[in-house]
Amino acid sequence: MNLIFRLIRVLILSLVRSRLDPLDPSVLHFRAWPFDLDINVHMTNSRYFALMDLGRTELILRNGIAKQMFKRKWQPVVSGSTMRFKRAIKPFQKFAVETHALYWDDKGFYLEQRFVANGKTLALGVVKAVFVGPEGIIRPEEICRLVGADETSPLMPDWLSGWPDMESAIEARLAA
């Protein structure tokens, strides 16, 4: 992982920060360093996805899922993601990555990950994350139960209602 120092920081902060409910947001603060930039001198698109990984890591560490994950030999897996870029992150700019669960279905959690600076959204990503164990995909209701959270999912946001159709269409293309 090319973000080892940021990962170590996230791990340490997760130990001292308060516990989160699975629906509580996680917020991590960063600065765009020269090694985060592309030839256009703004943060490269792959770095957004790498920082989103750190946001999800912090969330599962602080909401208790990581403890269950290690105990039960589960692995977190991204099964789908999409990203929309609105404003570039410039060199040395400070920004935050806000991560929170939107809802879950019978297989995975849908998370929104927002890049924010000065009260403005710079980019927005949506990720479907699943946990896979020795017996296959772990149902989100079971995960919520094990961490002492409400097992009932919030309703899918209206603006995300096309996601299942998009997932099905992509899955069909993969099978072709």
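Each value in this text was obtained by applying a stated rule to the coordinates, not by laboratory testing. Being a predicted model, the structure only gives us computed values, none of them experimental. Using ideal geometry, Cβ is built from the backbone for each residue, glycine included, and neighbour counts are taken over all protein chains shown.
Before anything else, pin down the relative contact order of the range 74-173: Cα pairs under 8 Å, at least 6 apart, normalised by residue count, whole percent.
Once normalised by length, the contact order is 28 percent.
Quickly rank 63-71, 47-55, 82-90 as a protection proxy: mean count of other C-beta atoms within 10 Å, highest first.
47-55, 63-71, 82-90
Positive end of the charge dipole of the range 4-175 (Lys, Arg +1 and Asp, Glu -1 on Cβ, about the Cα centre): tell me which of PHE70, GLY108, LEU23 has its Cα farthest that way.
Highest projection toward the positive end goes to PHE70.
Give, as ranges by residue number, the residues of the range 1-40 whose backbone N falls under 14 Å from the point 7 Å along Cα→Cβ of PHE92.
It comes to 31-35, nothing else.
Any idea what the relative contact order of the chain is, in percent, if you count C-alpha pairs under 8 Å spaced at least 6 apart?
22
Using a Gaussian network model on the chain with a 10 Å cutoff between Cα atoms, which of ASP165, ASP36, ASP150 fluctuates the most?
ASP165
In terms of the Cα gyration tensor, with a ≥ b ≥ c the square roots of its eigenvalues, is the range 18-136 rounded because a/c is under 1.5, prolate because a/b exceeds b/c, or oblate?
In terms of gyration-tensor shape, prolate.
What lysines does LYS120 reach when the alpha-carbon gap must be under 21 Å and sequence neighbours fewer than 8 apart in one chain are set aside?
LYS86, LYS90, LYS94
For the range 78-176, which GluC sites (Glu not before Pro) pass both filters: DSSP loop (anything but H, G, I, E, B) and at most 15 other C-beta atoms within 10 Å?
For GluC sites (Glu not before Pro) across the range 78-176 that sit outside H, G, I, E and B with at most 15 neighbouring Cβ atoms in 10 Å, the list reads GLU135, GLU151.
Could you list TRP104, TRP159, TRP33, TRP74 so that the one with the fewest beta carbons within 10 Å of its beta carbon is first and the one with the most is last?
Ascending number of Cβ neighbours within 10 Å: TRP159, TRP33, TRP74, TRP104.
Might you report the magnitude of the Cβ-based charge dipole of the chain about its Cα centre, with Lys and Arg at +1 and Asp and Glu at -1, to the nearest 20 debye?
880
Pick out, from VAL130, PHE85, PRO34, the residue whose Cα sits farthest towards the positive end of the charge dipole of the range 4-175, with +1 on the Cβ of Lys and Arg and -1 on the Cβ of Asp and Glu.
Final value for the positive-end residue is PRO34.
Residues of the range 140-174 with amide nitrogen under 17 Å from the 7 Å Cα-to-Cβ point of PHE49?
167, 170-171, 174
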